[in-house]
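Engineer: The structure that follows is given in the form of structure tokens.
The values are calculated or read from the model by the stated rules, or taken from the named source; none is laboratory data. Everything quoted here is computed from the prediction, not taken from an experiment. All Cβ positions, glycine included, derive from the backbone under ideal geometry; neighbour counts span all protein chains shown.
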2 protein chains.
Amino acid sequence: MADGTTERVRPRDRILETAQDMFHKHGIKGVGVDAITEAAGTNKMTLYRHFESKDDLIIECLRATACKAAAIWDAFEAEYPGDKLAQLHAWVRKAADMLNADSRGCDMANAAIELSETDHPARRVIKELKEAQRDRLVALCRDAGVGQAELLADTLSLLLEGARVSMQSVGAEGPSAQFVRMAEGLIASFRAR
Amino acid sequence: MADGTTERVRPRDRILETAQDMFHKHGIKGVGVDAITEAAGTNKMTLYRHFESKDDLIIECLRATACKAAAIWDAFEAEYPGDKLAQLHAWVRKAADMLNADSRGCDMANAAIELSETDHPARRVIKELKEAQRDRLVALCRDAGVGQAELLADTLSLLLEGARVSMQSVGAEGPSAQFVRMAEGLIASFRAR
DNA sequence: CTAGGGTGTTACCGGTCTGTAACTTTAGCG
DNA sequence: CGCTAAAGTTACAGACCGGTAACACCCTAG
């Protein structure tokens, strides 16, 4: 009780934060609600008072991580106000940094793979959030003055998605090591047109 | 013998085939050994007489799918003997075909994501098999007369890997729809250098 | 025909999972 | 202070999981 961190934050927020972390590290099907509540310093009943089900918790976690990702995007605009091309390069750099710092990839993509049931409630949420991120990257490419902005944005998307999954199957020394070179080369190539 | 109507496939092979299919469709953690044996028309005891554990079965399934993938590669050489550039384009076409025909992506990548335990026995197998595929694609690019063959091969790898996972999170109308255009554009770009 | 190995069947073990019920304790607040 | 709502505790239900034991069967090789 001396440490205020576990006491100050509401149980719901502690559960959400802990669940995000554990889902990310061990996968959704790799962690049970008991483990989450224990790590969050609470209990199962409290979890089920705040979330309808584990699926509901999963969805809330995905929304929360997407929210954090959006904050990172906002930071680009704050760092290079108006300079969309600089923001695009910052996006590449940030993506590479996150690749190096964490080898578990994208929570939404991982969830889509784990939750193979086509009617899983999290699927439509994943699609929504991913489409929003795609729209944002397309807008960034377009505003950076790139012709064929959609194609560049989609190519960068696939490259990053591929790098994140390649990281997990062959490690950091695999193809993902060249991500920055690939991305920068693509941007230069599209701008030259 | 020579009785084609009742093709008696050995239980081990039936189990292996069925497990590959079910792991692919529902994920590794999404299907139990009971479901596999039932679908294979046998029982759990027989499975454990042929495989040490579920983990062992997983590994054998991955090896089997990698073997099938290798056969597809061999088909390229058979179809365009000696013409490595044609084989590379065939690789792109085949990859796109498989993307359209099946939305569950690569078994090895999916397994790497599902089996988040860093010391899981399947992990080293996945890495081996993926590295072999990478080597093969690098060799194909090099023999096709492309400068910077490694970089092209790695870029194509990431694009395909990304397309397969994007397919599962945002669907076929997402960025993965442009895979062929991206890949062909890249090959042309690398060859022009 | 017989022996034996591969196979099928049933039952079971110990553990884990999501989710719920009933009750007690705590914390905030007028 | 006392009231109330939130949170903690314990126990449990019902299903599923990977894995094993014991035993009956059947097909074929010798």
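Engineer: Just to check your reading of the model, which residue among B:70, B:40 is within 16 Å of DNA strand D (Cβ to nearest atom) and either of a type in the set (A, V, I, L, M) or within 12 Å of the chain's Cα centre (by Cα) (or both)? Full working, then the answer.
Structural biologist: Numbers: B:70 fails: within 16 Å of DNA strand D (Cβ to nearest atom).
Answer to the check: B:40.
Engineer: Going by the structure shown, is residue B:76 over 11 Å from the mean Cα position of the chain (by Cα), within 12 Å of DNA strand D (Cβ to nearest atom) and either under 19 Å from residue A:167 (Cα atoms) or aromatic (Phe, Trp, Tyr) (or both)?
Structural biologist: Judged against the criteria, residue B:76 is not a match.
Engineer: Could you please let me know if residue B:21 is farther than 24 Å from residue A:175 by Cβ, in a helix (DSSP H, G or I) and among the acidic types (Asp, Glu)?
Structural biologist: yes
Engineer: Can I ask one more? Based on this model, can you work out whether residue B:82 counts as loosely packed, with under 14 Cβ neighbours inside 10 Å, assigned to a loop (DSSP other than H, G, I, E, B) and either outside the structural domain of residue B:146 (by TED's automatic domain parsing) or not aliphatic (A, V, I, L, M) (or both)?
Structural biologist: yes
Engineer: Exactly one of (1) in contact (Cβ under 8 Å) with a residue 60 or more places away in the chain; (2) within 27 Å of residue A:173 (Cα to Cα); (3) more than 14 Å from DNA strand C (Cβ to nearest atom) is unmet by residue A:62. Its number?
Structural biologist: Looking at each condition in turn, residue A:62 falls short on (2).
Engineer: Test residue A:106 against the stated conditions and say whether it is within 16 Å of DNA strand C (Cβ to nearest atom), in contact (Cβ under 8 Å) with a residue 24 or more places away in the chain and in contact with a helix residue (DSSP H, G or I) (Cβ under 7 Å, 6 or more places away or on another chain). Reasoning before the result, please.
Structural biologist: Numbers: within 16 Å of DNA strand C (Cβ to nearest atom): no; in contact (Cβ under 8 Å) with a residue 24 or more places away in the chain: yes; in contact with a helix residue (DSSP H, G or I) (Cβ under 7 Å, 6 or more places away or on another chain): yes.
In short, no.
Engineer: Of the conditions (1) surrounded by fewer than 13 Cβ atoms within 10 Å (Cβ to Cβ); (2) in a helix (DSSP H, G or I); (3) not small (Gly, Ala, Ser), residue B:65 clears all except one; give me its number.
Structural biologist: The single condition residue B:65 does not satisfy is (1).
Engineer: Separate question: Out of all the residues in the range B:147-182, which are closer than 27 Å to residue A:111 by Cβ and either of a type in the set (Val, Ile, Thr) or more than 18 Å from the chain's Cα centre (by Cα) (or both)?
Structural biologist: Result: B:155, B:165, B:169, B:170, B:171, B:172, B:173, B:174, B:175, B:177, B:178, B:182.
Engineer: Scan the range B:46-55 residue by residue and report those that are closer than 15 Å to residue B:31 by Cα and of a type outside the set (Gly, Ala, Ser).
Structural biologist: Matches in the range B:46-55: B:47, B:54, B:55.
Engineer: Quick one: would you say residue B:98 is more than 14 Å from chain A (Cβ to nearest Cβ), within 30 Å of residue A:108 (Cα to Cα) and in contact with a helix residue (DSSP H, G or I) (Cβ under 9 Å, 6 or more places away or on another chain)?
Structural biologist: yes
Engineer: Tell me, which residue of the range A:8-55 that is more than 10 Å from DNA strand C (Cβ to nearest atom) and touching a residue at least 60 places away in the same chain (Cβ under 8 Å) is surrounded by the fewest Cβ atoms within 10 Å (Cβ to Cβ)?
Structural biologist: Residue satisfying both the conditions and the ranking: A:25.
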